[in-house]
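Structure record follows, encoded as structure tokens.
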Amino acid sequence: MDMDELVMAVDLGGTQARIALIDRDLEIRTRSVEPTRAREGAEPVLGRLIQRMDRLGSDVGWDRIPAIGVSAPGPLDPQRGVILWVPNLPDWRDIRLTERLGRAVGRPVFLGNDANTAALAEHRLGSGRGHSDMVYITVSTGIGSGIISDGRLLLGHRGLAGEVGHMILEPNGPRCNCGSAGCLEALASGTAIARQARDLVAAGGETFIAELACHDPDCITARLVHEAATGGDAVAVELLRRAGTYLGLGLVNLMRLFNPGLVAIGGGVTNAGEFLFAPMHATIRERIGEIYWQHCPIGPPALGGDVCLKGAAILAWDGLADR
Ligand SMILES: [Zn+2]
């Protein structure tokens, strides 16, 4: 085994495309960060990405780089290495990513969706170390997630498992981005909280959310709802209580299905803290026996902004070992 080997990790995010060379201890040696400019279309983005990968690989020598790991937005098919589509980017459909990148740089490429790569890294390096069963959830514009079960990332038949955000909790609930309705994401994500706040303001609810948003509905965000709640606004507190209750219901279902020993829950919306977490914990205690939750801490993830890069590196190292 050549200890000087490095894998190339790519984190193809909505705003930034990050590339790094990462060693076996999962330390980042070199990195390059540029804007993704995803709206320009899949082809130009991939063209620029391949150029950058080639430059970085040539700098250290491709003979030291046995594999590439890629974290990308889903839904995607990790086995075939295809990005199926990307919400809100119509041009990003059926992109045969591993084939394209692999052909360009002559190395095997391993692909995972961003929430799954984050879950892998959090499990291996963050709060999940030592746990064989954990759930990772990030609540922001949407709700992303990954499930580690019996020490392995749960992928399912076509790699589409572990989509906590699309558990249906209200059959007649609001429409969801996935085409269904009443999913956890449509009830408790930042987008969902902001939409509910806008509806209440439009209906003339007694709240100072409208003032905080300078009476511009487009300025109403989950962060602003949190700000209103902190100032004692009862409508805002109720909005966050509802979202927290739905998160609690989602966790109850997950606890029954996977019996995790840890839940790592983060993302911008969780900055609302106890406004969200108190009703979440209350719901869990109400709905499921303590055998499920008394030894299952629920807390923030430990890793920061490099989580998907590190997860992509884990994909590459594990992928090589499995070959
Ligand atoms: Zn959905």
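The values are calculated or read from the model by the stated rules, or taken from the named source; none is laboratory data. Everything quoted here is computed from the prediction, not taken from an experiment. Cβ placement follows ideal geometry from the backbone for every residue including glycine, while neighbour counts extend to all protein chains displayed. Keep in mind that these areas ignore ligands, DNA and RNA; they rest on the heavy atoms of the full protein, side chains included. Shrake-Rupley method; radii C 1.70, N 1.55, O 1.52, S 1.80 Å.
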Residue count for segment 48-69, restricted to those that are closer than 28 Å to GLY142 by Cα and assigned to a helix (DSSP H, G or I): 2
Residue match in segment 218-229 (condition: in a helix (DSSP H, G or I), closer than 30 Å to ARG31 by Cα and modelled with pLDDT of 95 or more): no
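Which of the following residues is more than 14 Å from the chain's Cα centre (by Cα) and open to solvent by 30 Å² or more (accessible area, probe 1.4 Å): LEU111, LEU160, LEU154? It would help to see each step written out before you state the result.
Details: LEU111 fails: open to solvent by 30 Å² or more (accessible area, probe 1.4 Å); LEU160 fails: more than 14 Å from the chain's Cα centre (by Cα).
Being more than 14 Å from the chain's Cα centre (by Cα) and open to solvent by 30 Å² or more (accessible area, probe 1.4 Å) holds for just one of LEU111, LEU160, LEU154, which is LEU154.
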Residues satisfying the stated conditions in segment 77-93, i.e. loosely packed, with under 14 Cβ neighbours inside 10 Å and over 17 Å from ALA161 (Cβ atoms): ASN88, PRO90, ARG93
Residue check for ASP11: acidic (Asp, Glu) and within 21 Å of GLY304 (Cβ to Cβ): yes
Selection count where residues are in a helix (DSSP H, G or I), more than 7 Å from the ligand (Cβ to nearest atom) and either under 16 Å from GLY267 (Cβ atoms) or open to solvent by less than 20 Å² (accessible area, probe 1.4 Å) (or both), scope segment 173-195: 8
Odd one out for GLU227 among (1) crowded, with 20+ Cβ neighbours inside 10 Å; (2) farther than 28 Å from ILE147 by Cβ; (3) in contact with a Leu (Cβ under 8 Å, 6 or more places away or on another chain): (1)
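Answer yes if at least one residue in segment 109-121 is β-branched (Val, Ile, Thr) and within 16 Å of the ligand (Cβ to nearest atom), and no otherwise.
Initial filter on segment 109-121 (β-branched (Val, Ile, Thr)): 109, 117.
Checking the rest, the ones that are also within 16 Å of the ligand (Cβ to nearest atom) come to none.
No, that holds for no residue.
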Any hit, segment 37-59, residues being within 22 Å of the chain's Cα centre (by Cα), among the charged types (D, E, K, R) and loosely packed, with under 15 Cβ neighbours inside 10 Å: yes
Failed item in (1) closer than 18 Å to THR98 by Cα; (2) without any contact (Cβ under 8 Å) to a residue 24 or more places away in the chain; (3) among the aliphatic types (A, V, I, L, M), with VAL33 passing the rest: (1)
Number of the exception - THR141 against (1) buried (at least 22 other Cβ atoms within 10 Å of the Cβ); (2) within 11 Å of the chain's Cα centre (by Cα): (1)
Residue list for segment 192-209, restricted to those being of a type in the set (Val, Ile, Thr) and either more than 14 Å from LEU240 (Cα to Cα) or free of Cβ contacts under 8 Å to residues at least 12 places away in the same chain (or both): VAL201
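How many residues are assigned to a loop (DSSP other than H, G, I, E, B) and closer than 21 Å to VAL307 by Cβ if we restrict to segment 70-114? Walk me through how you get there before you give the answer.
As a first pass, look at segment 70-114 and keep what is assigned to a loop (DSSP other than H, G, I, E, B): 73-75, 78-81, 87-88, 106-108.
Narrowing the set further to residues that are closer than 21 Å to VAL307 by Cβ leaves 73-75, 78, 87.
The number of residues fulfilling the criteria is 5.
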Lone qualifier among THR270, THR221 - being open to solvent by 10 Å² or more (accessible area, probe 1.4 Å), in contact (Cβ under 8 Å) with a residue 40 or more places away in the chain and closer than 21 Å to GLY142 by Cα: THR270
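Report yes if LEU84 is at pLDDT below 95 and either aliphatic (A, V, I, L, M) or touching a Ser or Thr at 6+ places or on another chain (Cβ under 8 Å) (or both), otherwise no.
Numbers: at pLDDT below 95: yes; either aliphatic (A, V, I, L, M) or touching a Ser or Thr at 6+ places or on another chain (Cβ under 8 Å) (or both): yes.
So LEU84 passes the test.
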Selection count, segment 141-172, where residues are within 15 Å of the ligand (Cβ to nearest atom) and assigned to a loop (DSSP other than H, G, I, E, B): 11
